[in-house]
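Peer 1: Handing you a structure now.
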Amino acid sequence: MNEKKQLKIGGIIDGVGWNYMGWRHPDMPANASENIDYYVQKAKRLEEGKFDMIFLADVSHIGPMMIPHYLSMFEGVSILSALSMVTHSIGLTATIATSYADPFTVARQMASLDKISNGRAGWNAITSNPGGLANYSRTHLSKADLYPMKEEFIEIVEGLWDSYEDDAFIRDKKRGVFFDPQKMHALNYRGNYFSVDGPLNISRSRQGRPVIFQAGTSSDFMNIASKHAEGALVNGEDIEYAKAFSQELKRRVKLEGRSPNDFLIMPTQNPIVGRTEKEAEEKFQELQSLMPIYRIPKPTFFGSAEKVADQIQHWYEAGAMDLLLIRQEHPSGFDDFIDLVVPILQERGIFRKEYESNTLRGNLGLPYPKNRYSI
Ligand SMILES: Cc1cc2nc3c(=O)[nH]c(=O)nc-3n(C[C@H](O)[C@H](O)[C@H](O)COP(=O)(O)O)c2cc1C
């Protein structure tokens with residue numbers, strides 16, 4: 001069946017905000033980016049809104065001109081592990097750059113998060129920009145290495161996640177049988193950048209393995225994403241761009257023998273919503289007034305809740321968006337969206353009223369990935 005899935009929604013929690021001024025708003029804790037209570041509150045709110053996932057973006061090198069959020073923030077897997085204990089159904093996606101991390105460690109961390117959260121983990125596997133090379137002792141490499149390295153990295157992580165077949169662990173105390181060694185598989189991967197024997201020492205999770213997302217724009221990006229990703233982020237400024245990106249990426253997904261219906265196009269948006277157009281305008285102006293030297297562009301999704309719901313429906317129906325990934329521009333961004341826009345989308349039957357599942361894969365309607373060694 002090739003039925004179009006309902007719209008999916010994710011919330012990017014960026015602490016004090018993904019702009020220069022949000023931290024100065026009276027309602028924003030100035031230390032929100034490293035404030036566990038703030039993250040817990042937002043995570044619970046997104047779950048009340050029936051969002052598919054909490055999504056954390058990341059940065060691999062900083063300097064004094066960076067946005068305040070990037071200057072002092074939590075590491076993704078650590079904070080998501082904490083959030084997994086206070087949420088039940090919402091997915092938990094961390095961004096980790098393949099250019100700077102180590103594949104065995106990432107496979108282990110993400111699989112652990114997947115087990116801790118009972119099958120709710122996602123990994124946004126990005127190259128990140130080359131600036132990070134200097135932070136991770138990789139100055140002998142250059143930008144040209146990043147995508148070839150990424151492909152090896154993901155092949156290794158996927159391979160390690162199949163180290164054990166689903167039923168490898170018997171744990172029969174009476175018979176004294178802990179596991180079936182026939183169902184444990186080494187990897188023995190030899191690449192140009194990485195060399196990993198395996199196996200990984202953690203069993204598969206309820207959703208098989210974490211969902212893999214990726215973000216990038218180039219043809220090299222698309223080639224790897226079409227083989228290894230289950231969703232791709234796209235800049236959400238322009239619907240025609242997002243549509244063309246979606247068509248081309250899904251074309252490549254199909255060439256890989258996969259179903260384009262099981263690949264999610266995920267534009268990032270920073271909606272500002274009000275009960276009326278005027279209220280949205282006031283919120284926009286309020287933000288601008290916090291730091292007048294920085295001009296922020298008007299968000300693509302802007303205005304009254306009804307208008308924003310129309311815009312969302314248009315993007316969704318036009319094939320430019322399978323999963324809406326929102327970040328808050330204004331400190332009330334998530335609340336406004338959940339209180340005002342979500343009920344309209346639910347009323348129109350575009351978005352769920354209840355979670356279908358309590359795994360990330362289940363809510364996203366993505367197939368269970370069979371272990372490569374299972375018959
Ligand atoms: C929508 C989108 C989101 C991204 N998010 C991040 C991020 O959170 N952290 C980061 O370091 N790089 C991020 N990137 C940058 C990519 O990892 C990559 O370095 C960049 O797009 C260059 O690759 P390309 O030539 O394929 O576009 C993002 C890129 C896109 C398009």
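Peer 1: Can you tell me which residues in the stretch 85-109 are within 17 Å of the chain's Cα centre (by Cα), more than 16 Å from the ligand (Cβ to nearest atom) and open to solvent by less than 10 Å² (accessible area, probe 1.4 Å)?
Peer 2: Hits for the stretch 85-109 are Thr87, Ile90, Gly91, Ala107.
Peer 1: If a residue must be of a type outside the set (Phe, Trp, Tyr), within 16 Å of Phe221 (Cβ to Cβ) and buried (at least 19 other Cβ atoms within 10 Å of the Cβ), how many such residues does the stretch 253-274 contain?
Peer 2: 6
Peer 1: Could you run through the stretch 210-220 and say how many residues are more than 16 Å from the ligand (Cβ to nearest atom) and open to solvent by 40 Å² or more (accessible area, probe 1.4 Å)?
Peer 2: So the count comes out to 0.
Peer 1: Follow-up. Could you give every pair whose Cβ atoms fall below 8 Å, whose first residue belongs to the stretch 169-195 and is in contact (Cβ under 8 Å) with a residue 24 or more places away in the chain, and whose second residue is β-branched (Val, Ile, Thr) and open to solvent by less than 50 Å² (accessible area, probe 1.4 Å), counting only separations of at least 6 or pairs across chains?
Peer 2: From residues that are in contact (Cβ under 8 Å) with a residue 24 or more places away in the chain, the pairs are Leu187/Ile156; Leu187/Val196; Tyr189/Ile156; Tyr189/Val196; Gly191/Ile156; Phe194/Ile156.
Peer 1: Please note which strands (runs of 3 or more DSSP E) are completely contained in the stretch 226-300 and include at least 2 residues that are within 14 Å of the ligand (Cβ to nearest atom).
Peer 2: By residue number, 231-235, 264-269.
Peer 1: On to the next question. So, in the stretch 118-169, of the ones that are β-branched (Val, Ile, Thr) and surrounded by fewer than 24 Cβ atoms within 10 Å (Cβ to Cβ), which residue ends up farthest from the ligand (Cβ to nearest atom)?
Peer 2: For the stretch 118-169, the residue satisfying everything is Thr139.
Peer 1: Related question: Please determine whether any residue of the stretch 350-370 is without any contact (Cβ under 8 Å) to a residue 40 or more places away in the chain and over 22 Å from Lys115 (Cβ atoms).
Peer 2: No - not one qualifying residue is present in the stretch 350-370.
Peer 1: Cβ-Cβ under 9 Å, sequence separation 6+ or interchain: first residue in the stretch 122-134 and under 27 Å from Ala111 (Cβ atoms) and modelled with pLDDT of 95 or more, partner aromatic (Phe, Trp, Tyr) and within 8 Å of the ligand (Cβ to nearest atom). Which pairs?
Peer 2: Short answer, once both residue conditions are applied: Thr127/Tyr147; Thr127/Phe221.
Peer 1: Another question about this same structure. Determine which member of the set Glu230, Glu240, Glu256 is out of contact with any Cys (no Cβ under 8 Å at 6 or more places or on another chain) and farther than 27 Å from Asn363 by Cβ.
Peer 2: Matching residue, one of Glu230, Glu240, Glu256: Glu240.
The values are calculated or read from the model by the stated rules, or taken from the named source; none is laboratory data. Keep in mind that what you see is a predicted model, and the values were worked out from it rather than measured. Counting neighbours? That spans all protein chains shown, and the Cβs are built from the backbone with ideal geometry, glycine included. For the accessible areas, the whole protein counts, side chains as well, though only heavy atoms, and no ligand, DNA or RNA atoms are used. Shrake-Rupley method; radii C 1.70, N 1.55, O 1.52, S 1.80 Å.
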